[in-house]
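Undergrad: One structure follows; several queries about it will come next.
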């Protein structure tokens, strides 16, 4: 039974990866379930066994991406003591735009959202919004633990710090999904990261 579940999960992952490639290459609207199945050497029935339709596949791709992003935040911010933990986490996250192949592929897909059906686009951005709120909660908890440990002063509300930090960086993510963040940004990211690092250092984060 365990091997059967593993095989089913592997098939689901293959379908999502294959669909992701085609969505990026041809566009969501121009990709059919038949083409997805053919590219993987499986029948359309197998695709239907795992997903309702191609919208369902896209939503699961985004869901998986959001879950991975949240888990990375949990792992990176589990210890409140090291200096520049938040700075390091967000710098690594933004660098994914140039260094993480799957991250780049997912954001290439998200950058095409203008051509999706409105309902699908709204559902995807609701998922991204919810993920952003979860991330804010993780950052808030991280800051509170640091305050309890005496790592930063307690006269600053953790929630307010978290709102500012997550808003800035998630704003950059959203600009990138719409292709509004110039590539030169990644050549001069110190203009953001150095002041950010100095600010965190002044809070002893």
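Undergrad: Kindly list the number of the only condition in (1) buried (at least 16 other Cβ atoms within 10 Å of the Cβ); (2) at pLDDT 85 or above that fails for residue 93.
TA: Unmet for residue 93, out of (1) buried (at least 16 other Cβ atoms within 10 Å of the Cβ); (2) at pLDDT 85 or above: (2).
Undergrad: Residue 173 passes all but one of (1) crowded, with 18+ Cβ neighbours inside 10 Å; (2) more than 17 Å from residue 87 (Cα to Cα); which number fails?
TA: (2)
Undergrad: State the number of residues belonging to the stretch 127-140 that are surrounded by fewer than 16 Cβ atoms within 10 Å (Cβ to Cβ) and free of Cβ contacts under 8 Å to residues at least 60 places away in the same chain.
TA: 3
Undergrad: Of all the residues that make up the stretch 88-127, how many are in a helix (DSSP H, G or I) and either within 13 Å of residue 166 (Cα to Cα) or touching a helix residue (DSSP H, G or I) at 6+ places or on another chain (Cβ under 7 Å) (or both)?
TA: Of all residues in the stretch 88-127, those in a helix (DSSP H, G or I) come to 88-99, 101-110, 113-115, 118-127.
Imposing the further condition that a residue be either within 13 Å of residue 166 (Cα to Cα) or touching a helix residue (DSSP H, G or I) at 6+ places or on another chain (Cβ under 7 Å) (or both) reduces the set to 89-91, 93-94, 96-98, 103-110, 113, 120-121, 123-124, 127.
Count: 22.
Undergrad: Output yes when any residue across the stretch 16-30 is out of contact with any strand residue (DSSP E or B) (no Cβ under 9 Å at 6 or more places or on another chain), without any contact (Cβ under 8 Å) to a residue 40 or more places away in the chain, within 25 Å of residue 130 (Cα to Cα) and crowded, with 16+ Cβ neighbours inside 10 Å, and no when none is. Can you show your working first?
TA: Residues of the stretch 16-30 out of contact with any strand residue (DSSP E or B) (no Cβ under 9 Å at 6 or more places or on another chain): 16-30.
Retained after the next criterion (residues that are without any contact (Cβ under 8 Å) to a residue 40 or more places away in the chain): 17-18, 22, 25-26, 30.
Cutting the leftovers down to within 25 Å of residue 130 (Cα to Cα) gives us 17.
From the residues that got through so far, the ones that are crowded, with 16+ Cβ neighbours inside 10 Å too are none.
No, there is no match, as no residue in the stretch 16-30 is out of contact with any strand residue (DSSP E or B) (no Cβ under 9 Å at 6 or more places or on another chain), without any contact (Cβ under 8 Å) to a residue 40 or more places away in the chain, within 25 Å of residue 130 (Cα to Cα) and crowded, with 16+ Cβ neighbours inside 10 Å.
Undergrad: While we're on this one: Based on this model, can you work out whether residue 28 counts as part of a loop (DSSP other than H, G, I, E, B), outside the structural domain of residue 147 (by TED's automatic domain parsing), in contact with a helix residue (DSSP H, G or I) (Cβ under 8 Å, 6 or more places away or on another chain) and at pLDDT 95 or above?
TA: On the way: part of a loop (DSSP other than H, G, I, E, B): yes; outside the structural domain of residue 147 (by TED's automatic domain parsing): yes; in contact with a helix residue (DSSP H, G or I) (Cβ under 8 Å, 6 or more places away or on another chain): yes; at pLDDT 95 or above: yes.
Criteria met by residue 28.
The values are calculated or read from the model by the stated rules, or taken from the named source; none is laboratory data. This structure is a prediction, so every number in the text was calculated from the model and none was measured. So basically every Cβ, Gly included, is an ideal-geometry build from the backbone, and we count neighbours across all protein chains shown.
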